[in-house]
Amino acid sequence: MPIALFWHRRDLRLHDNAGLAAALQSGLPVVPLFIYDTDILDHVPRPQDARVTFIYDQVERLAEQTAAAGGTFLAYYGRPAEVFRQLFDQLDVAAVYTNTDYEPYATARDAAVAQLCQERGIGFETRKDQVIFHQREVLTKTGTPHRSFGPYRDAWLAALRPEQLQPYPSAELLPGRLQLLPAVPPRPTLAQMGFAPYEQFVAAAELPGEQLVRGYHGTRDQLRLVESSTRRSVHLRFGTLSVRELMRQAQALNPKLLAELIWRDYFMMLLWHYPQLPEQSFEPRLRGVPFRHAEADFQRWCEGRTGYPLIDAGMRELNQTGYLPNRARIAAASFLVKHLLIDWRWGERYFGDKLLDYDLALNVGNWQWVAGTGVVAAPWFRVFSPDSQLDKFDPTREYVRRWVPEFGTPAYPAPLIDHKFARERAISTYRAAYQAASAG
Ligand SMILES: Cc1cc2nc3c(=O)[nH]c(=O)nc-3n(C[C@H](O)[C@H](O)[C@H](O)COP(=O)(O)OP(=O)(O)OC[C@H]3O[C@@H](n4cnc5c(N)ncnc54)[C@H](O)[C@@H]3O)c2cc1C
């Protein structure tokens with residue numbers, strides 16, 4: 001009997017999963033699958049990596065849940081097109097189902113697998129699952145992506161219909177629709193892939209508490225609070241929580257949280273339209289900013305030794321936990337780009353190495369926003385004062401003391417750069433680049 005494969009990627013859950021529901025409704029028995037993609041993992045330093053550990057734990061959980069529902073769960077370590085080629089030789093596969101992915105690498109990978117399916121006469125079906133609106137669904141009247149968030153958000157809200165936030169009945173459909181395969185190779189272990197477990201600090205993959213969500217707009221910027229925002233970014237990144245679920249809660253309880261989730265849709269849509277964003281400043285008049293190749297300054301920023309307490313606390317939290325509150329992300333990014341005049345791409349890559357919730361679209365979108373170079377961007381001539389930001393978001397210095405134990409002692413470094421000097425240098429450098437490009 002022919003089967004359908006369901007390929008999990010950024011949707012590591014059985015409930016409310018659009019592509020899985022479609023596979024289960026196809027009439028074919030379904031075998032779920034995950035591929036540890038060597039095209040990605042070959043670039044990850046061994047042995048410890050927080051994201052690989054997180055993915056591994058979730059895949060193992062999915063395998064157990066699939067077995068409990070009466071099916072086989074396949075997991076392989078290899079290049080996706082090659083894994084599929086082998087599977088198509090061994091099994092009678094009629095269709096592959098998956099959820100749409102928007103990153104440039106994922107788009108190319110999926111095109112290659114779709115091509116292979118076509119050559120073999122196998123269906124390749126994708127569903128929208130990670131976001132509410134994607135690709136060309138929310139555009140300006142002239143059919144281009146919005147260049148500011150407010151009009152995008154308004155158009156998004158106007159387009160929203162209640163059914164778009166309704167859950168897909170994937171978990172409910174599982175019984176009796178999964179296929180049990182007689183002999184399958186064992187799933188790869190972390191050790192076989194060259195990795196060792198990494199201790200993580202991750203909130204549960206459940207909806208945040210109602211009280212937190214109700215007060216979100218008041219707490220999200222307060223660095224002294226450990227529970228200031230939802231802390232669900234890692235779960236949205238890997239799909240252990242459905243975005244529809246969180247959106248429904250936000251819609252009912254807090255419009256500010258809903259707006260932040262709309263930012264997520266927005267940046268994912270922008271990366272799909274402009275796949276060059278990770279490599280290039282979007283604003284052509286700012287592509288010539290002469291960023292400094294200041295390795296030693298960059299190192300001090302990475303290590304949290306700039307002498308600016310807010311920046312240092314943030315970078316140390318990031319290095320130790322893989323998480324950073326939004327306010328501290330903005331402050332650290334702005335300091336690197338404006339105060340140190342270091343290329344936003346260096347910072348984007350460093351965050352990419354460290355963040356457990358690392359998401360190319362959101363990271364690049366936000367870095368370009370902070371740098372003033374993005375499709376949507378803060379004014380390039382705005383340079384935050386790290387000390388004023390500290391007074392505003394950590395007035396009691398609780399956050400700083402938590403991460404910088406030597407703060408206030410002689411062991412704490414003097415500021416790497418004078419704020420007034422740095423501010424004037426950033427503005428004059430940006431202005432010169434902007435004017436030269438506008439004139440030429
Ligand atoms: C320089 C910089 C880099 C960033 N890199 C990432 C990244 O790699 N991955 C990532 O998930 N977020 C990134 N963000 C956005 C934001 O900081 C995090 O999503 C947020 O801090 C995660 O914590 P939370 O889940 O408690 O967020 P909450 O405040 O509870 O928000 C709920 C969800 O809304 C979305 N969201 C919130 N803020 C933003 C935003 N500014 N842009 C887009 N979506 C948002 C996220 O999915 C988040 O989980 C970045 C922000 C900056 C300034």
inquiry  = On the basis of being under 20 Å from the mean Cα position of the chain (by Cα) and charged (D, E, K, R), does ARG232 make the cut?
reply    = yes
request  = Quick one: VAL376 ticks every box in (1) near the ligand (Cβ under 9 Å from one of its atoms); (2) touching a residue at least 60 places away in the same chain (Cβ under 8 Å); (3) of a type outside the set (Ser, Thr, Tyr) except a single one, so which number is it?
outcome  = (1)
ask   = In segment 138-170, which residues are in a helix (DSSP H, G or I) and among the charged types (D, E, K, R)?
value = ARG153, ASP154, GLU163
request  = Could you list, in sequence order, all residues of segment 389-440 that are of a type in the set (Gly, Ala, Ser), within 23 Å of GLN299 (Cα to Cα) and free of Cβ contacts under 8 Å to residues at least 40 places away in the same chain?
outcome  = GLY408, ALA411
query = Which condition number in (1) assigned to a loop (DSSP other than H, G, I, E, B); (2) of a type in the set (Gly, Ala, Ser); (3) within 11 Å of the ligand (Cβ to nearest atom) is the one that SER281 fails?
reply = (3)
key: Subset of segment 104-163 that is touching a helix residue (DSSP H, G or I) at 6+ places or on another chain (Cβ under 7 Å) and among the basic types (Lys, Arg) - its residue that is farthest from ARG79 (Cα to Cα)   = ARG153
inquiry  = Just to be sure I understand, how many residues within segment 136-181 are surrounded by fewer than 16 Cβ atoms within 10 Å (Cβ to Cβ), over 28 Å from TRP263 (Cβ atoms) and not acidic (Asp, Glu)?
reply    = 5
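Looking at ARG316, ARG345 in this structure, which one is more than 10 Å from the ligand (Cβ to nearest atom) and more than 25 Å from LEU270 (Cα to Cα)?
ARG316
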message = Looking at segment 127-138, I want the residues that are assigned by TED's automatic domain parsing to the domain that holds ASP11 and β-branched (Val, Ile, Thr) and have a partner that is buried (at least 20 other Cβ atoms within 10 Å of the Cβ) and in a loop (DSSP other than H, G, I, E, B) with Cβ atoms under 7 Å, at least 6 apart or on another chain. Which pairs are those?
response = none
task = Report yes if some residue within segment 294-301 is touching a residue at least 24 places away in the same chain (Cβ under 8 Å), in the same structural domain as GLN389 (by TED's automatic domain parsing), closer than 20 Å to GLN200 by Cα and within 16 Å of the ligand (Cβ to nearest atom); otherwise report no.
result = no
message = Please go through segment 282-301 and give me each residue that is within 25 Å of the chain's Cα centre (by Cα) and crowded, with 18+ Cβ neighbours inside 10 Å, ordered by number.
response = PHE282, GLU283, PHE298, TRP301
request  = Filter segment 196-208 for residues that are surrounded by 12 or more Cβ atoms within 10 Å (Cβ to Cβ) and part of a loop (DSSP other than H, G, I, E, B) and give the result.
outcome  = PRO197, TYR198, GLN200, PHE201, VAL202, ALA203, ALA205, LEU207, PRO208
key: Conditions (1) exposed (fewer than 15 other Cβ atoms within 10 Å of the Cβ); (2) charged (D, E, K, R); (3) under 26 Å from GLU260 (Cα atoms); number of the one not met by ASP418   = (3)
ask   = Do we find a residue being more than 11 Å from the ligand (Cβ to nearest atom), at pLDDT 95 or above and over 23 Å from GLN166 (Cβ atoms) anywhere in segment 245-253?
value = no
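Yes/no per residue for (1) part of a helix (DSSP H, G or I); (2) of a type in the set (Val, Ile, Thr); (3) at pLDDT below 95; (4) not assigned by TED's automatic domain parsing to the domain that holds GLN58:
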| residue | (1), (2), (3), (4) |
| --- | --- |
| TRP346 | yes, no, no, yes |
| GLY352 | yes, no, no, yes |
| VAL370 | yes, yes, no, yes |
| LYS392 | yes, no, no, yes |
| VAL400 | yes, yes, no, yes |
| GLU406 | no, no, no, yes |
| ALA411 | no, no, no, yes |
| ILE427 | yes, yes, no, yes |
request  = Looking only at segment 376-384, decide whether some residue is touching a helix residue (DSSP H, G or I) at 6+ places or on another chain (Cβ under 7 Å) and in a helix (DSSP H, G or I).
outcome  = no
note = Going through segment 228-240 in order, the residues found to be more than 9 Å from the ligand (Cβ to nearest atom), on the phi < 0 side of the Ramachandran plot and not β-branched (Val, Ile, Thr) are PHE238
message = Restricting to segment 255-267, name every residue that is more than 10 Å from the ligand (Cβ to nearest atom) and surrounded by 21 or more Cβ atoms within 10 Å (Cβ to Cβ).
response = none
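The values are calculated or read from the model by the stated rules, or taken from the named source; none is laboratory data. All figures in this text were calculated on a predicted structure; none of them were measured in a lab. Every residue, glycine among them, receives a Cβ derived from its backbone with ideal geometry; neighbour counts consider all protein chains shown.
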